[in-house]
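Here's the structure we're looking at; comments come further down.
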Amino acid sequence: MNRDDFPLLKQDIIYLDNSATSLKPQTVIDKMNDYYTNYSANAHRGDYDLSFKVDKEYEETRELVKNFINAQHLEEIIFTSGATESLNMIINGFFANYLEANDEVLITTSEHASNILPWFNLVSELGIKVKYIPLDSNYYVTLDNVKKSITPHTKVISIAGITNVIGDIRPIKEITKLAHENNIFVVIDGAQMVPHVPIDVTDNDIDFLAFSGHKMLGPTGIGVLYGKIELLEHLKPQKLGGGMNESFDSPEEVYLKPLPTRLEAGTPNIAGVIGLGEAIKYLNNLGFAKISSQEHALRKYLLDKLLPLKHIDIINIESDSAIIAFNVNNIFSQDVAYYLNKYNICVRAGNHCAKILKSSVGVTNTVRISLYFYNTFEEIDNLVELLSDYDKIVKEMI
Amino acid sequence: MDENTKREIIMENYTHPTNRKRVDNPNYFKINTNNASCIDNLDIYIKFNHNIIEDIAFEGEACAISISATSIMINNLIGKTKDEALTYIHEFYHMTEGEEYNEELLKEGNAYSNIYKQGNRKTCATLPFRGLEKAILEQNK
Ligand SMILES: Cc1ncc(COP(=O)(O)O)c(C=O)c1O
């Protein structure tokens, strides 16, 4: 649905790599062009009309984001370059100062590198411990397994809301409730979740949330860090510079601005912020009810067609979102991707930055199809036709 | 070399690669070679005897192009001197860049003579050669 809104779809391309990044609607592109063409002044700086308009658009996006995730305060919305930067800020700016040796952080083996490596870094720097919540036979996180993983040393649970290989939705509300009863903070990596399902940080009582604009119809290079205001007050800025300081006369007398500006040093990605605002408007207009029902219908359609194919091994038959990861018997995932590429079908092959998931799933690499609402049943028919013919894959993969 | 022959060479070397095995012998030099942009990841084991490459084996996961190219490299470079191997490797690079190269020298390596047209597969074909080149240069230090 809504295919006419996406200029890239006018090309003869079947785009099935939406977990990597989504396509951009014309409205987002136009909005950013409008900024560069008609009012490309700096933000927070000028005393003239153009700059005033920049500030207004910029802060309107903050308001849009706040309402989109149902945060309580505008100061809780920090613009970053993406989920990766948001997670690094949370971990290095807040938790590096809070955690001590032998404190435990719970993650899972299906996390993205950006929610693993910054924690690994604290293992070597602070002597904290990273532990894994076991996954069940469908690679899901169950509340029971979270319960069993908590020890008196557990201080943080840091997990994706939806993972990027399996596509399972984690029971966030139950997890935060359990965590908070045990004085544990909860960090949610929302990179795959925010584009696909509504997320309410207040109702779910989430302490920190990270997500990227480019996976939700917005531009690259923009993301969001949400944190409860009382926690963000203690997040030490990792970047110091213009825009974020109140005054500085000497090293002893540096005064920083209040939130959120304090955490947005330097000239921000203004076009990115404004483009993100337009993407959120687009998602709001369409509504998650429609997005979800289309995604589920597409996934079910694809799954039903792939399941009878004996040479295809689906890793995540169970999944709550629009991702299917699979392998073709005895064919390396990259060769499958190259084969499909010959027919202008874009899929991702590899470990999808979840390098330690292999210890749970037992396969290193997969072909990943990730759908979004603008994909169609005809596209799936085309894909399945190409995948049904094993001999053709072998013949044409090189 | 016609397209069918190229195909056959690649498929034969992919399905039955030479010396795909783990080597636990301290006389072998081990080097890892991988593609940052994709998931090909091979360990190559080389036995040097002074200037001569006495043996090469490999293990790991990679696509059909990388595996077959490794097998072809092994078939053509065992028994060669380091300098002969480097010459072969450089001619192979010239071919994959679409430049002039010594066709006769590369033998089965010509199976990849069109790969320069497929930017994203070029790095697959050169993967084992980059590994061997690095190993030779390290040995020569
Ligand atoms: C689950 C998950 N977390 C984090 C990220 C990182 O997002 P970005 O690269 O936009 O910072 C991704 C991107 O693939 C992801 O899928």
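The values are calculated or read from the model by the stated rules, or taken from the named source; none is laboratory data. All of these numbers come straight from a predicted model, not from anything done at the bench. Counting neighbours? That spans all protein chains shown, and the Cβs are built from the backbone with ideal geometry, glycine included. These accessible areas exclude ligands, DNA and RNA; they are computed on the full protein's heavy atoms, side chains included. Shrake-Rupley method; radii C 1.70, N 1.55, O 1.52, S 1.80 Å.
Residue-by-condition table, conditions (1) among the polar types (S, T, N, Q); (2) touching a residue at least 40 places away in the same chain (Cβ under 8 Å); (3) open to solvent by less than 50 Å² (accessible area, probe 1.4 Å); (4) closer than 30 Å to A:Asn329 by Cβ:
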site	(1), (2), (3), (4)
B:Ser66	yes, yes, yes, yes
B:Ile74	no, yes, yes, yes
B:Glu84	no, no, no, no
B:Thr87	yes, no, no, no
B:His90	no, no, no, no
B:His94	no, no, no, no
B:Glu99	no, no, no, no
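All conditions in (1) at pLDDT below 95; (2) in contact with a strand residue (DSSP E or B) (Cβ under 8 Å, 6 or more places away or on another chain); (3) part of a helix (DSSP H, G or I) hold for B:Met73, with the sole exception of (1).
Select from the range A:243-281 the residues that are over 21 Å from A:Ser22 (Cβ atoms), part of a helix (DSSP H, G or I) and open to solvent by 30 Å² or more (accessible area, probe 1.4 Å) and list them in ascending order. A:Thr261, A:Arg262 - these are the residues of the range A:243-281 that are over 21 Å from A:Ser22 (Cβ atoms), part of a helix (DSSP H, G or I) and open to solvent by 30 Å² or more (accessible area, probe 1.4 Å). Here the condition is being under 21 Å from the mean Cα position of the chain (by Cα) and acidic (Asp, Glu); of A:Glu100, A:Glu76, A:Glu125, A:Glu104, it holds for A:Glu76 alone.
Yes/no matrix, rows are residues, columns are (1) within 14 Å of the ligand (Cβ to nearest atom); (2) under 30 Å from A:Ile29 (Cβ atoms); (3) not assigned by TED's automatic domain parsing to the domain that holds A:Ser321:
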{"position": "A:Ser137", "(1), (2), (3)": "no, no, yes"}
{"position": "A:Gly161", "(1), (2), (3)": "yes, yes, yes"}
{"position": "A:Val165", "(1), (2), (3)": "yes, yes, yes"}
{"position": "A:Val187", "(1), (2), (3)": "yes, no, yes"}
{"position": "A:Tyr226", "(1), (2), (3)": "no, yes, yes"}
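Of the residues making up the range A:73-123, those that are under 22 Å from A:Val146 (Cα atoms), part of a strand (DSSP E or B) and within 13 Å of the ligand (Cβ to nearest atom) number 1. Output the residue which, of all residues in the range B:26-41 that are open to solvent by less than 20 Å² (accessible area, probe 1.4 Å) and more than 12 Å from chain A (Cβ to nearest Cβ), is modelled with the highest pLDDT. Filtering the range B:26-41 for residues that are open to solvent by less than 20 Å² (accessible area, probe 1.4 Å) and more than 12 Å from chain A (Cβ to nearest Cβ), the one modelled with the highest pLDDT comes out as B:Ile31. Here the range A:117-139 is the region considered, the condition is being open to solvent by 10 Å² or more (accessible area, probe 1.4 Å) and in contact with a strand residue (DSSP E or B) (Cβ under 7 Å, 6 or more places away or on another chain), and the residue that is nearest to A:Ile314 (Cα to Cα) is A:Tyr132.
May I ask you to say which residue of A:Leu240, A:Leu231 is more than 14 Å from chain B (Cβ to nearest Cβ), modelled with pLDDT of 95 or more and either more than 11 Å from the ligand (Cβ to nearest atom) or surrounded by fewer than 24 Cβ atoms within 10 Å (Cβ to Cβ) (or both)?
Only one candidate passes the filter, namely A:Leu231.
The set of residues in the range A:283-317 being surrounded by fewer than 20 Cβ atoms within 10 Å (Cβ to Cβ), among the hydrophobic types (A, V, I, L, M, F, W, C) and over 30 Å from B:His16 (Cβ atoms) consists of A:Leu286, A:Phe288, A:Ala289, A:Ala297, A:Leu303, A:Leu307, A:Ile317. For the range B:87-141, filtering for residues that are under 21 Å from B:Asn35 (Cβ atoms), of a type in the set (A, V, I, L, M) and over 11 Å from the mean Cα position of the chain (by Cα) leaves 6.
Here A:Asp320 fulfils each of the conditions (1) open to solvent by less than 20 Å² (accessible area, probe 1.4 Å); (2) more than 26 Å from B:Asn34 (Cβ to Cβ); (3) within 16 Å of the ligand (Cβ to nearest atom); (4) not aliphatic (A, V, I, L, M) apart from (1). B:Phe92 meets the conditions (1) modelled with pLDDT of 95 or more; (2) out of contact with any helix residue (DSSP H, G or I) (no Cβ under 6 Å at 6 or more places or on another chain) in every case but one. The failed one is (2).
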